[in-house]
There are 6 protein chains.
Amino acid sequence: MDDGRYERGLAQLEAVSGPHGAQVVKSLADIAPDLGRYIVEFAYGDIFARPGLDMKTRELATVAALTAMGTATPQLKVHMQAALHVGADRREIIETVMQMIPYAGFPAALNAVAVARDVFAAA
Amino acid sequence: MDDGRYERGLAQLEAVSGPHGAQVVKSLADIAPDLGRYIVEFAYGDIFARPGLDMKTRELATVAALTAMGTATPQLKVHMQAALHVGADRREIIETVMQMIPYAGFPAALNAVAVARDVFAAA
Amino acid sequence: MDDGRYERGLAQLEAVSGPHGAQVVKSLADIAPDLGRYIVEFAYGDIFARPGLDMKTRELATVAALTAMGTATPQLKVHMQAALHVGADRREIIETVMQMIPYAGFPAALNAVAVARDVFAAA
Amino acid sequence: MDDGRYERGLAQLEAVSGPHGAQVVKSLADIAPDLGRYIVEFAYGDIFARPGLDMKTRELATVAALTAMGTATPQLKVHMQAALHVGADRREIIETVMQMIPYAGFPAALNAVAVARDVFAAA
Amino acid sequence: MDDGRYERGLAQLEAVSGPHGAQVVKSLADIAPDLGRYIVEFAYGDIFARPGLDMKTRELATVAALTAMGTATPQLKVHMQAALHVGADRREIIETVMQMIPYAGFPAALNAVAVARDVFAAA
Amino acid sequence: MDDGRYERGLAQLEAVSGPHGAQVVKSLADIAPDLGRYIVEFAYGDIFARPGLDMKTRELATVAALTAMGTATPQLKVHMQAALHVGADRREIIETVMQMIPYAGFPAALNAVAVARDVFAAA
């Protein structure tokens, strides 16, 4: 049944997120272990492992989307950490948030900057 | 009263969007001309003109966000055209949409791919 | 079983929306008649009939919310018509839409202005 | 003026939510008592009291929607408690959340699982 | 590389959606074939194939969520068709939409009923 | 380069929000000072300074939209404070929130009333 997606995904998750991503997956073991498995296999083993877009652009696109959606604060934090981990600098993260102002409004940007402050302080 | 924001914004809008962006602004002249003016001055003269993030990443981040939001089909079309205009290729646009699946779900990606098909057919 | 909510609601709906609101309710008769009944009884008989806020402010607040949500185009049309009907002028409707730019972004405002154009043309 | 909707709604609310729902209504007494009254009369007296769909399916559909919306954490908690109260088991609640992954993405599911963990711990 | 997920997913997709779902997947072949593949493998091969919740409840939960989200009209149509296909009747679909009124508002329900009218007319 | 937008915006911000709005701007100085500048220049210097709609209606429309969006709790607090500051009374704020029930549902209204309780307690 195994096609290497889980291993590929776990390696990808660690390469992208450092320790933070794996923690999220582990924290699901008691209540919804398959949710953690799908994150590894599908989000990282399938999607993040795709060619055609470099890892930094993938993470900045994700930061942009989560900023605009405004419903995913813990995940925005994980992906700001991941963006730093794959080579984005703080300015690029803030600029990605600023780019959202015309599309999603000031509250979305303000709330994302509050997340960035926490991420930068802990980095 | 003029500080060059409108001129800077118009030049930026044309550099980024080609003819499509200017059309949107012109189409507002009869009903909400200041809305068009703010798009030029603020979205392009202020935000897009900022250093710290290249134009292609700004446009892909915008495509990501509009895909995830799912409420801005006409604007997603304009920004997919703009992404092509500033040097993204079709594959990068599709990959940006695919990157949204784990964060915003399949319907958001499916509806964005339908927009991409129209944009690519007309390009 | 009748407490006059339906009659009060229907009178309120007609006072607020003119013929457009009643059409929406009638159009539900074949498939979900109770949905129409709840709109009359609850939205108009209960909520719109409340004291404490004048009808024009209620309708402009509704236009603001539907503009920002971006998922309710047909209802935004009905409430722009209603806003005109209860005494808002075109400028106040456009200003209410413009007020949404900093909170919900340009796409929300652009799509609402497109609805306003249709409403104003038919008025 | 009374048509029994409040009494019917209160009985329904208690049958569905146990003590948790009534607490929400009571907590509104000082600031917006009519909001509490409408929840009892309309949400429970009108909607939940309808035939055509059993109470467990109504609650699981509500859990699904609140999970996907991502803007209603306190209400998701109340409805996960209610789902347990009307006979859903923990697995069905988790499966309903998992079913949302393809439609609303992993962040929506992750945040709903965090709510479920609190609900299950307190049950 | 194959672990049977695609075959399991395709069988599940056909069992759940009849011909409509497979059409969506086929229509992606020219522009984003992997998007179609992920729908089959992940949405149907992984998620829909899970035990713990019957197919009718899965589809009604999906109808509930897509109704509440309001950004996925084409997908709501597919899942109303699928709900009928796996044994829900028209009344249960309408009731699921009605159940969303207190949580997502009347516009979401009105727009979903418009989709249901199309689905029922074509069934 | 200066056209008085910042000064006009700051005066407007203080007139509208009292001390609360300026605090938000100041708090951005360390991480995203231009975000604060754009709020002053664009949101207040451009949008709030427009004629055609009185300040109380602008603030109530903003309270309506932020209530309906459900993703901007800190900003809803600021604008409820501002609404009080420009002459709305508590009842008008609560009524604006109640007006959102039919359009955005009970959870949006419940969460906004919780914000109002905090604002009123501190006023």
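Please report, ordered by residue number, the helices (runs of 4 or more DSSP H) entirely within the stretch B:1-115 with at least 3 residues that are under 11 Å from the mean Cα position of the chain (by Cα) and of a type in the set (A, V, I, L, M). Even if it seems obvious, please write down each step before you answer.
Numbers: elements: B:5-17, B:19-26, B:33-38, B:55-69, B:73-85, B:90-99, B:101-104.
Result: B:55-69, B:73-85.
Quick test for you: out of B:Val86, B:Val40, B:Val25, B:Val78, pick the one residue that is in contact with an Asp or Glu (Cβ under 6 Å, 6 or more places away or on another chain) and either under 25 Å from B:Tyr103 (Cα atoms) or β-branched (Val, Ile, Thr) (or both).
Numbers: B:Val40 fails: in contact with an Asp or Glu (Cβ under 6 Å, 6 or more places away or on another chain); B:Val25 fails: in contact with an Asp or Glu (Cβ under 6 Å, 6 or more places away or on another chain); B:Val78 fails: in contact with an Asp or Glu (Cβ under 6 Å, 6 or more places away or on another chain).
Step by step, each of B:Val86, B:Val40, B:Val25, B:Val78 is checked, and only B:Val86 is in contact with an Asp or Glu (Cβ under 6 Å, 6 or more places away or on another chain) and either under 25 Å from B:Tyr103 (Cα atoms) or β-branched (Val, Ile, Thr) (or both).
Answer with yes or no whether A:Met1 is within 23 Å of B:Thr57 (Cβ to Cβ) and either at pLDDT 95 or above or open to solvent by 30 Å² or more (accessible area, probe 1.4 Å) (or both).
So A:Met1 fails the test.
Kindly indicate whether F:Asp46 is of a type in the set (D, E, K, R), under 17 Å from C:Glu95 (Cα atoms), within 14 Å of chain A (Cβ to nearest Cβ) and out of contact with any Gly (no Cβ under 6 Å at 6 or more places or on another chain). Break it down into steps so the answer makes sense when it comes.
Details: of a type in the set (D, E, K, R): yes; under 17 Å from C:Glu95 (Cα atoms): yes; within 14 Å of chain A (Cβ to nearest Cβ): yes; out of contact with any Gly (no Cβ under 6 Å at 6 or more places or on another chain): yes.
It is true that F:Asp46 is of a type in the set (D, E, K, R), under 17 Å from C:Glu95 (Cα atoms), within 14 Å of chain A (Cβ to nearest Cβ) and out of contact with any Gly (no Cβ under 6 Å at 6 or more places or on another chain).
Given the residues A:Arg117, A:Arg90, which is the only one that is basic (Lys, Arg) and touching a helix residue (DSSP H, G or I) at 6+ places or on another chain (Cβ under 7 Å)? Give the derivation first.
On the way: A:Arg117 fails: touching a helix residue (DSSP H, G or I) at 6+ places or on another chain (Cβ under 7 Å).
Answer to the check: A:Arg90.
Step by step: first the residues of the stretch E:81-113, then only those that are over 20 Å from F:Phe106 (Cα atoms) and among the small types (Gly, Ala, Ser), then the one that is most open to solvent (accessible area, probe 1.4 Å). Which residue is that?
E:Gly87
Tell me yes or no: at least one residue of the stretch E:45-53 is out of contact with any helix residue (DSSP H, G or I) (no Cβ under 8 Å at 6 or more places or on another chain) and either surrounded by fewer than 23 Cβ atoms within 10 Å (Cβ to Cβ) or not assigned by TED's automatic domain parsing to the domain that holds E:Glu7 (or both).
Just the residues of the stretch E:45-53 that are out of contact with any helix residue (DSSP H, G or I) (no Cβ under 8 Å at 6 or more places or on another chain), to begin with: E:51.
Next, only the ones that are either surrounded by fewer than 23 Cβ atoms within 10 Å (Cβ to Cβ) or not assigned by TED's automatic domain parsing to the domain that holds E:Glu7 (or both) stay: E:51.
Yes, the conditions are met somewhere in the stretch E:45-53.
Can you find, within the stretch C:70-80, the residue that is least open to solvent (accessible area, probe 1.4 Å) among those that are at the interface with another protein chain (Cβ under 7 Å from one of its Cβ atoms) and more than 21 Å from C:Gly9 (Cα to Cα)?
Across the stretch C:70-80, the extreme among qualifying residues is C:Ala72.
Within the stretch A:4-19, which residues are farther than 23 Å from B:Met98 by Cβ and open to solvent by 50 Å² or more (accessible area, probe 1.4 Å)?
Initial filter on the stretch A:4-19 (farther than 23 Å from B:Met98 by Cβ): A:18-19.
Selection gives A:Pro19 alone.
Test each condition in (1) in contact (Cβ under 8 Å) with a residue 40 or more places away in the chain; (2) of a type in the set (A, V, I, L, M, F, W, C); (3) within 22 Å of E:Ala121 (Cβ to Cβ) for E:Leu76 and report the one that comes out false.
(1)
Please find, within the stretch D:22-44, the residue that is surrounded by the fewest Cβ atoms within 10 Å (Cβ to Cβ) out of those that are among the hydrophobic types (A, V, I, L, M, F, W, C) and at pLDDT below 95.
Applying the first criterion (among the hydrophobic types (A, V, I, L, M, F, W, C)) to the stretch D:22-44 yields D:22, D:24-25, D:28-29, D:31-32, D:35, D:39-40, D:42-43.
In the following step, the residues that additionally are at pLDDT below 95 were identified as D:22, D:24-25.
Values: D:Ala22: 15, D:Val24: 18, D:Val25: 20.
Among residues in the stretch D:22-44 that are among the hydrophobic types (A, V, I, L, M, F, W, C) and at pLDDT below 95, the one surrounded by the fewest Cβ atoms within 10 Å (Cβ to Cβ) is D:Ala22.
Give the number of residues within the stretch B:85-112 that are farther than 17 Å from E:Thr71 by Cβ and within 7 Å of chain E (Cβ to nearest Cβ).
The total comes to 2.
Residues of the stretch B:54-69 being open to solvent by 30 Å² or more (accessible area, probe 1.4 Å) and within 14 Å of chain E (Cβ to nearest Cβ), which ones?
Pass one, the stretch B:54-69, residues open to solvent by 30 Å² or more (accessible area, probe 1.4 Å): B:54-56, B:69.
Result: B:Met69, single match.
The values are calculated or read from the model by the stated rules, or taken from the named source; none is laboratory data. From a predicted model like this one, the values you see are computed outputs, not experimental measurements. Neighbour counts run over all protein chains shown; Cβ positions are idealised from the backbone, glycine included. Calculation scope for accessible area: heavy atoms of the full protein, side chains included, ligands and nucleic acids excluded. Shrake-Rupley method; radii C 1.70, N 1.55, O 1.52, S 1.80 Å.
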